[in-house]
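S.K.: Below: one structure in structure tokens.
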Amino acid sequence: MRTTLDPIALYPQSVGQDRSFRVVQGDSLRLLADLPDACVDLVFADPPYHLSNGGFTCKGGRRASVDKGAWDASQGLAADHAFQRAWLAQAQRVLKPSGTLWVSGTQHVIFSIGFALQALDFHLLNTVTWFKPNAAPNLACRTFTHSTELLIWAAPRRSKRLLHTFNYQEMKATNGGKQMRDLWNLGFEAPQAGGPQVTWSLPTPGKGEKAHGGHPTQKPISLLERVILCSSNPGDVVLDPFSGSGTTGVAAVANGRRYLGFEREAEYADLSRRRIAAALDEAGRRKVGAA
């Protein structure tokens, strides 16, 4: 029987905690290349959108620069696409046949990612639309307000029989006994069994999710919880090549999964570790309280 190498065991405990998580600081392409084949159950990625080009947005009711750092700067269309394809090819290699990939993005990057996925022969499963009810207003007033983000869900390769993990019944139960649709407006009240089909209201992260610090592209925990609960099982290894503030890891360890994150910036790698360690401690306290 073939044994799959535990990717978390490749890294010292100084960058994580026991067998629960590791957050490794470094270049994601290099770190991905170090992983063995078919060792990860789920990949979630929120890659650079290449938007830091001197534009502006609205933050806290005021005009603010969209420049997030050198890591988000565009190197030109061809180079940007080559980067997306390169890390996607590595993600495809490290995913188990039963695993899947989730990638989030706005219109600025998601079409490049979608084309790269098709060129690499991923099996596209769904394109989920996340609606943000508290999206920042459009200060230029020359286009509609950007209030959605797209998530592509894909299996690493095509096969005659679908091998990927999908906790269909759990998602159906969460959605009031109805099949869950691909429009997520994740709210705080679940639909009632037998009631009408609804969407869910999922706002962008509030202050409570930035208690340990924040990241300019931070995603809400509720979004990552849904991704993890629908497409992985307890004990699975979840990988995020662009860990950022560690939201993927927080959702993973809080729901009994294990986490491996890669992060280029030392500041955010440290933030990821603090947030995930706090979530792991909280999960431990809840477990003891329920015993």
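The values are calculated or read from the model by the stated rules, or taken from the named source; none is laboratory data. What you see is a predicted model; the values in this text were computed from it and never measured. Neighbour counts run over all protein chains shown; Cβ positions are idealised from the backbone, glycine included.
S.K.: Between a residue in region 26-44 that is among the acidic types (Asp, Glu) and any residue that is part of a helix (DSSP H, G or I) and surrounded by fewer than 20 Cβ atoms within 10 Å (Cβ to Cβ), which pairs come within a Cβ distance under 7 Å, given they are 6 or more apart or on different chains?
M.R.: 37/93
S.K.: Still on this structure, please answer the following. Sort through 165, 127 and tell me the only one that's under 18 Å from residue 94 (Cα atoms), β-branched (Val, Ile, Thr) and within 20 Å of the chain's Cα centre (by Cα).
M.R.: So the residue among 165, 127 that is under 18 Å from residue 94 (Cα atoms), β-branched (Val, Ile, Thr) and within 20 Å of the chain's Cα centre (by Cα) is 165.
S.K.: Can you tell me which residues in region 101-136 are touching a residue at least 60 places away in the same chain (Cβ under 8 Å) and within 18 Å of residue 85 (Cβ to Cβ)?
M.R.: 102, 104, 109, 113
S.K.: Quick one: in region 70-94, of everything that is modelled with pLDDT under 90 and within 20 Å of the chain's Cα centre (by Cα), which residue is surrounded by the most Cβ atoms within 10 Å (Cβ to Cβ)?
M.R.: Per the criteria, the residue is 72.
Residue by residue, here is whether (1) touching a Gly at 6+ places or on another chain (Cβ under 9 Å); (2) part of a helix (DSSP H, G or I); (3) among the small types (Gly, Ala, Ser) holds:
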position	(1), (2), (3)
225	no, yes, no
228	no, yes, no
234	yes, no, no
239	yes, no, no
243	yes, no, yes
249	yes, yes, yes
253	no, yes, no
260	yes, no, no
